[in-house]
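Student: My questions will all concern the structure given below.
The values are calculated or read from the model by the stated rules, or taken from the named source; none is laboratory data. Source: prediction; values computed, not measured. Note: ideal-geometry Cβ built from the backbone for every residue, glycine included; neighbour counts use all protein chains shown. Accessible surface is based on the protein model in full, side chains and every heavy atom, while ligands, DNA and RNA are left aside. Shrake-Rupley method; radii C 1.70, N 1.55, O 1.52, S 1.80 Å.
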Amino acid sequence: MAMNLDDIRYFRKVAETLNVTRASEALGITQPALSYSLKRLENEIGDELIIRKKNGVELSKLGEEFYKRSVNLINEWENIQNLITSEGEDAKGEFSIGIHPSVALYSLDKFLPHLTKEFPLIDFKFVHGLSREMTEKVISWEIDFGIVVNPIKYPDLVIKELCRDEVTLFHKTKCRNKLIFDPKLAQSQDILKRLNAKGLGTEGKINSGNLEVIADLVEQGLGYGVLPSRVAANHKGLKKLAGSPVYHDKICLVYRPEKHKNPISRRILELIKSSKF
C-alpha cells in the first residue's frame, strides 16, 4: 500500500472530532478535500474506517483499531523524518516549533542561539499562530514543540513553565480615551469584562489581531492598549494604567514525549528548558 501520511493525519483529526466539517476547519482544508482524503485512505486499506451519519461520523471497528495504531505509525514516521544522522555538530534533521509571533519576538533570543550553535546543521521551522492553535498542532502531531501561553491540559502532553507575564492596560502620558485590543484573546475578554463590571468605559474601540500593531498604536497615543508586559517593554514610553485589571499568563513549552526519544531531540528540550526567559 502507498499510504499518504497526511491522509492518516487527517483521519486522526476526524476520529478525534467525529465531525468532518469541524475537522476540515481545524486542519485548514476544504471539506471536499478532506472527504477525498478519507476515501483514498479507505481505498488503500480496503474497507471503511468511518461510518457517516446525519449529525457527524462514528468509527467502524476497523477505524477504531486503525486510530489506535496510527499513533505509533505517525510517531515512527516522524522519527524517520527527524532522523539524526550523527551527533553533536554533525547532527542533521528538522524540528518544527509553534509559537505566537509576539511571544517569538521576546523569547527566541533566549534559546535559539544556543540551538543553532550546538546543532548548526539542524533545520528549525517556526509555525506562527494563536497559542491555542499551536497547542492543538502539538496534540495532533503536526509540529514537534510549542512555546505557548496558558496551554490547555491534555493527556500525554508535557507542559513545562518557562516564565510568567501579565496582561493589563498600557498607555502614553497623553492619549485618547479609546480601548485598543485583540478580541480573539481570552486575556482581552477577561479584562474587558472586569472593566465593564467597574463601569469604566471608553469612547470607542480599536481592534487588531496583532499585538505589535496594538503596542505601536498605543505608542502613538491613540488609546489604552490591552498588552502583555513583555510586549509593551519593547515600545518606548508605555506605562501601566494604575488600578487596571491584570491577567496573569504562563508561557510554557509543550510537547508529546513519544516524539522525543532520540538524544538530539531530548537535548533540544533541555536547552529550551534551561534558558533564562
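Student: Determine the relative contact order of the stretch 123-277: mean sequence separation of Cα pairs under 8 Å and six or more apart, normalised by residue count, in whole percent.
Tutor: Computed over the stretch 123-277, the figure is 37 percent.
Student: Express in Å², to the nearest 10, the accessible area of TYR154 obtained by rolling a 1.4 Å probe over the protein heavy atoms while all chains stay in place.
Tutor: The accessible area comes out at roughly 80 Å².
Student: Could you tell me the relative contact order of the chain? Use alpha-carbon pairs under 8 Å, at least six residues apart, and round to a whole percent.
Tutor: Relative contact order of the chain: 19 percent.
Student: Sticking with this structure for a sec: Please give the per residue accessible area of the chain, computed with a probe of 1.4 Å over protein heavy atoms only, in Å².
Tutor: 53
Student: Would you work out what percent of the accessible area of the stretch 227-268, with all protein chains in place, is carbon or sulfur (probe 1.4 Å)?
Tutor: Heavy-atom surface of the stretch 227-268 belonging to carbon and sulfur, 1.4 Å probe: 56 percent.
Student: Against the longest alpha carbon principal axis of the chain, how many degrees, from 0 to 90 and to the nearest 10, is the axis of helix 186-197 turned?
Tutor: That helix lies at roughly 40 degrees to the long axis.
Student: Here is a follow-up. Report the antiparallel proportion of the DSSP beta bridges in the chain as a percent, rounded to a multiple of 5.
Tutor: Roughly 60 percent of the DSSP beta bridges within the chain come out antiparallel.
Student: According to the square roots a ≥ b ≥ c of the eigenvalues of the Cα gyration tensor, what is the shape class of the stretch 172-277, taking rounded for a/c under 1.5, prolate for a/b larger than b/c otherwise, and oblate for the remainder?
Tutor: prolate
Student: Within the chain, what is the longest stretch that has no GluC sites (Glu not before Pro) placed in a DSSP loop and near at most 13 other beta-carbon atoms within 10 Å?
Tutor: The longest such stretch corresponds to 88-202.
Student: Another question, then. Identify which of the listed values of log10 I(q)/I(0) by the Debye sum over Cα atoms at q = 0.08, 0.09, 0.17 Å⁻¹ was calculated from the structure shown: (1) -0.30, -0.39, -1.64; (2) -0.33, -0.41, -1.39; (3) -0.44, -0.55, -1.23.
Tutor: (3)
Student: Can you bin the stretch 1-72 into rounded, prolate or oblate? Criterion: square roots of the alpha carbon gyration tensor eigenvalues sorted a ≥ b ≥ c, rounded for a/c under 1.5, prolate for a/b above b/c, oblate for the rest.
Tutor: rounded
Student: Divide by every residue of the chain the summed helix terms, -39500 (n - 2.57) for each DSSP H run of at least 4, and state the resulting mean residue ellipticity at 222 nm, rounded to the nearest 500 deg cm²/dmol.
Tutor: One gets -13500 deg cm²/dmol as the mean residue ellipticity at 222 nm.
Student: While we're looking at this one, here's another question. When the dipole is taken about the Cα centre of the stretch 146-187, and only Lys, Arg (+1) and Asp, Glu (-1) are charged at their Cβ, what size is it in debye, to the nearest 20?
Tutor: The dipole magnitude comes to about 400 debye.
Student: Treating the angle as unsigned and between 0 and 90°, give the value, to the nearest 10°, between the Cα long axis of helix 31-45 and the longest Cα principal axis of the chain.
Tutor: Here the helix axis deviates by roughly 30 degrees.
Student: How charged is the neighbourhood of CYS252? Take every other residue with its Cβ under 13 Å from the Cβ of CYS252, and add Lys/Arg as +1 and Asp/Glu as -1.
Tutor: Combined, the nearby Lys, Arg, Asp and Glu give +3.
Student: So how strong a dipole does the chain carry about its Cα centre when Lys and Arg Cβ are +1 and Asp and Glu Cβ are -1, to the nearest 20 debye?
Tutor: 1380
Student: Can you tell which of ILE139, ASN210, SER107 lies farthest toward the positive end of the dipole of the stretch 97-221, using +1 and -1 charges on the Cβ of basic and acidic side chains (Lys, Arg; Asp, Glu)?
Tutor: Sorting the options by dipole projection puts first ASN210.
Student: Counting pairs of alpha carbon atoms under 8 Å apart in space and at least six apart in sequence, what relative contact order in percent does the stretch 182-252 give?
Tutor: Relative CO of the stretch 182-252 lands at 35 percent.
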